[in-house]
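Please read the structure below before turning to the comments.
The values are calculated or read from the model by the stated rules, or taken from the named source; none is laboratory data. Quantities reported herein were computed from a predicted structural model and do not represent experimental measurements. For neighbour counting, all protein chains shown are included, and Cβ atoms are generated from backbone atoms with ideal geometry for every residue, glycine included. To get the accessible areas, we keep the full protein, side chains included, count just its heavy atoms, and leave off ligands, DNA and RNA. Shrake-Rupley method; radii C 1.70, N 1.55, O 1.52, S 1.80 Å.
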Amino acid sequence: MVNNKKEICKEEPCVDDYVDWRDRPCKPGKHGGMHAALAILGLQAFEMMAIAAVGNNLITYVFNEMHFPLSKSANVVTNFVGTVFLLSLLGGFLSDSYLGSYRTMLLFGFIELSGFILLSIQAHLPQMRPPTCNMMSSASKCEEARGLKEFIFFLAVYLVALGSGCLKPNIISLGADQFRKKDSKKLSTYFNCAYFAFCIGELIALTILVWVQTHSGMDIGFGVSAAAMAVGLICLLCGTPLYRNKPTHGSIFTPIAQVFVAAITKRKQVCPSNSGMPHGSKRFVLHHNVSIESRGDSSLLHTDKFRFLDKACIKIQDDNRSNESPWRLCTMSQVEQVKIIISVIPIFACTIIFNTILAQLQTFSVQQGSTMNTKLTSNFQIPPASLQAIPYVMLVFLVPLYETTFVPIVRKITGRDSGISPLQRVGVGLFIATFSMVSAAIVENKRRMISLRDPKESFSIFWIAPQFLIFGVSEMFTAVGLIEFFYKQSLEGMESFLTAMTYCSYSFGFYLSSLLVSLVNKITSSQSGQRGWLGDNDLNNDRLDLFYWMLAGLSFVNFFNYLFWSRWYSYNPSLMGPQGGPIQPKRSRSSGNNDDIETG
């Protein structure tokens, strides 16, 4: 059977152990490729369209309809978005361990759809919301949503969060699974296409859908989001016969836990300086080749980083221990995968401040725009949430230009298939992000001074457009670079989970935003005896500009922190091609060539 597989691989590109939706072996030319990825990109666009329309205008609904105070409303939104991305870890785990990406997407796609439907029902029925009240009027004391009304709202919102969170990493990983890892150029193109689909979904959500929410009611707007999600699921189903699906092998955490348990158990052993080193009266060797417990058909080469973990694959050869438990003896590939996971954590952590900035653009910047002159003409006003569409209008043109012009030019200079490396791309984005907050702070200071001097004086909403434009360019570099980096650094069987770590960065960024808002309010109120920088429902009485300056400083420091960790990070050589692109890891060359190394 192995010989037959080798003969097939010689005739056509090997599809490894991937299967179709009926768990039958995939056929080259029939399964996978861009034609399969297009159906997944359709879901990406429509799902993003649905949730962006809700998430980006949710603060307006929570403030005006649920009657939560402004700071609480901002925290509700950031906690919602943070939960969406945190739950991506659950989606990645279930996918890699038990369900597979396709089945996970179907299950949680319908859960997300049910959340949109419930949200639109609540927005439509007056008895499910507090009585209508003007929150902007200081004379009005509006009734805040409590009891059943509050429960229904949070149930609907977190059904959406659960569905979307578990869906997101699998959209990326299932699409990338349609290509082989060694096809670095095609993978890089796919990630750019995925971001382009993301931009299209965001653009439509922030223009058409937000306009519908503003002028036709939030119930109609939420209903349109539900319809968009349904169309996205139809796109996913249409591509069912074409997908390459990776089989699951049980919990992905078991091999990781085995490494730590084995390393701790053998902590007193001395790591050999080579693969076969005598130690006392016993012989110790590093267990290189992939055993039945390993995930996938590939192995990772040994690296010197985190050498204490190498003790997990020290094999003690004597008459009493001929066969050691997997909890005492791990393969080199298991150990190296754990090393990769530990190594990417600092890179992951450096993007949290970046996503904290994103949280401000979806909360306070929207509220900032609502206090400005939103008239485009005498008869047409711009919904404040639609300002977030400005960068995506630009990116719809900029992303294809990046792929067709920038990448080929830089490729000739660097020799990399993707032009610049994923880590370089992330660094460029983090540097640019700082200037988004600088622009936001300058504009907010000017807006506040004008409003305090003369409340009737007009200040155009387009003044806050630069902060969205700058961040949009930053996101094009950082978001795509981070996803590409994490996917290419994963071993077979852990793609969805490692991809989910990129979304987890969004989660921590939004949670950090909520924490910063609370801390800033507490610290500044204790110093001045007032409500604090962000303690009032009126931005004219708040000091949002100072909050933006603080974030700009944190972002600038974070960039230099990233430079340190990106220089510290080293790629596993078995995941790198001659130009720095990933290749399919090969089995250890030492297998069968050295008596000291286990071969079976």
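Structure notes:
- When only the Cβ of Lys, Arg, Asp and Glu is charged (+1, +1, -1, -1), the dipole of segment 401-560 relative to its Cα centre reaches about 340 debye.
- In the full protein context, segment 43-126 carries 26 Å² of accessible surface per residue, based on a 1.4 Å probe and ignoring ligands, DNA and RNA.
- Surface share of carbon and sulfur [accessible, 1.4 angstrom probe, percent] for segment 435-514: 71 percent
- Probe 1.4 Å, protein heavy atoms only - accessible area per residue of segment 387-483 in square angstrom: 41 Å²
- Cα gyration tensor shape for segment 329-437, rounded if a/c is under 1.5, else prolate or oblate: oblate
- Label-point separation, SER525 to LEU155 (7 Å along Cα→Cβ), nm: 3.2 nm
- About its Cα centre, segment 43-141 has a charge dipole of approximately 300 debye under the convention of +1 per Lys or Arg Cβ and -1 per Asp or Glu Cβ, with nothing else charged.
- Based on protein heavy atoms only, segment 150-218 ends up with 29 Å² per residue of surface accessible to a 1.4 Å probe.
- Look at where the Cα atoms of segment 181-239 and of segment 445-478 average out, and the two centres are 27 Å apart.
- Computed from the C-beta positions of ALA465 and HIS215 and an R0 of 25 Å, the FRET efficiency is 0.70 to the nearest 0.05.
- Among 410-423, 76-89, the peptide with the highest mean count of other Cβ atoms within 10 Å heads the list, and the full ranking is 76-89, 410-423.
- Dipole magnitude of segment 392-487 about its Cα centre (Cβ charges: Lys, Arg +1; Asp, Glu -1), debye to nearest 20: 220 debye
- Between CYS133 and GLU457, residue separation times 0.36 nm minus the direct Cα-Cα distance comes to 114.0 nm.
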